[in-house]
Amino acid sequence: MSDYQQFIANVKRKTGIDLALYKEAQMKRRLTSLYEKKGFKNFDEFFRAMNHDQALYHEFLDRMTINVSEFFRNAKRWEVLEKKIIPKLLEKNKRLKVWSAACSTGEEPYTLAIILSKFMPLSQVSVLATDIDDNAMARAKLGIYMERSLQEVPEDVKKKFFVKEGSHYKIIDDIKRTVTFKKHNLLADPFDTGFDLIVCRNVLIYFTEEAKHELYLKFNRALRPGGIFFVGSTEQIFNPTAYGFEVEDTFFYRKM
Ligand SMILES: C[S@@+](CC[C@H](N)C(=O)[O-])C[C@H]1O[C@@H](n2cnc3c(N)ncnc32)[C@H](O)[C@@H]1O
């Protein structure tokens, strides 16, 4: 067993996280550069140190989880969501069950809540937001962002839903209240069901093909018939029908 394979086995035992389901070259490169920076010679040394050093363990988690996000990331897609997808979903159901899977620091579920608030009173908006990374979700719950996370946010939306505090922007409490954050590992934990809309963007690219196939099937089962699966702008599904989906629009798939 190689040094990296042994590390994968150790991490799985310690944390339940299966690094074997993440693309190897990319993950290995990221983690190698971290342990080298920390002065370790190999994965074995790194893992032993991580066992005693909580801060190092958190750095490892931080390095493997890649938390970059942004409000209205790929703005044109969110426009399609607002103008086409949500109105169509609302024709069937007045209340929508919505999940932002791998929500990172909260920009995505808050974007969803902002858009949904244009269609219904905030008291009816409810978004489930999950991620494997506790630190990212702690930041999400704080709801404080640097200006660069808001690059794509239209001025009127900025005024209505954010409060400027020095050089930062704070999402307003009314929006914050609509989002429920929960820890969830897409590669290991069971999925809830009956969703009208699942948003899972910019995380599937890190997983192996086998892991992705499995996840497409699980997302399909988690949606109600007619429900929509919204993926990232480099993540189109090449044979959606194999997973029970049809194309609704670019990067939007409908459960058949
Ligand atoms: C690049 S961010 C994407 C954030 C957001 N969805 C977006 O598109 O802006 C990737 C997120 O996936 C999360 N992640 C990685 N592996 C995961 C897993 N197995 N289960 C759940 N979340 C995971 C990371 O913690 C990180 O917050």
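The values are calculated or read from the model by the stated rules, or taken from the named source; none is laboratory data. Please read all numbers here as calculations on a predicted model, not as lab measurements. Cβ atoms come from the backbone with ideal geometry, glycine included; neighbour counts cover every protein chain shown. Remember, those area values only see protein heavy atoms, side chains included, never the ligands or the DNA or RNA. Shrake-Rupley method; radii C 1.70, N 1.55, O 1.52, S 1.80 Å.
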>> Please go through the range 221-247 and give me each residue that is in a helix (DSSP H, G or I) and out of contact with any strand residue (DSSP E or B) (no Cβ under 6 Å at 6 or more places or on another chain), ordered by number.
In response: Arg221, Thr241, Ala242, Tyr243
> Could we say that Arg201 is of a type in the set (Lys, Arg), surrounded by 14 or more Cβ atoms within 10 Å (Cβ to Cβ) and away from the ligand (no atom under 16 Å from the Cβ) here?
Replying inline: no
>> Which of the numbered conditions does Asn67 fail, given that it passes all the others? Conditions: (1) assigned to a helix (DSSP H, G or I); (2) in contact (Cβ under 8 Å) with a residue 60 or more places away in the chain; (3) farther than 20 Å from Gln236 by Cβ.
In response: (1)
> In the range 174-198, which residues are of a type outside the set (Val, Ile, Thr), outside any loop (DSSP other than H, G, I, E, B) and within 12 Å of the ligand (Cβ to nearest atom)?
Replying inline: Phe181, Lys182, Lys183
> Which one of these is under 20 Å from Arg77 (Cβ atoms) and away from the ligand (no atom under 16 Å from the Cβ): Pro109, Pro154?
Replying inline: Pro154
> Hey, does the range 56-70 have a residue that's under 30 Å from Gly226 (Cα atoms), crowded, with 16+ Cβ neighbours inside 10 Å and of a type in the set (Phe, Trp, Tyr)?
Replying inline: no
> Which one of Lys88, Lys76, Lys94 is basic (Lys, Arg), open to solvent by 60 Å² or more (accessible area, probe 1.4 Å), modelled with pLDDT of 95 or more and farther than 16 Å from Val157 by Cα?
Replying inline: Lys88
> Are any of the residues in the range 79-95 under 30 Å from Gln5 (Cα atoms), part of a loop (DSSP other than H, G, I, E, B) and either assigned by the TED database to the domain that holds Lys176 or more than 15 Å from the ligand (Cβ to nearest atom) (or both)?
Replying inline: no
> Considering only residues of the range 101-126 that are more than 13 Å from the chain's Cα centre (by Cα) and among the β-branched types (Val, Ile, Thr), which is surrounded by the fewest Cβ atoms within 10 Å (Cβ to Cβ)?
Replying inline: Ile115
>> Within the range 220-236, take every residue that is away from the ligand (no atom under 16 Å from the Cβ) and on the phi < 0 side of the Ramachandran plot and give me the one that is surrounded by the fewest Cβ atoms within 10 Å (Cβ to Cβ).
In response: Pro225
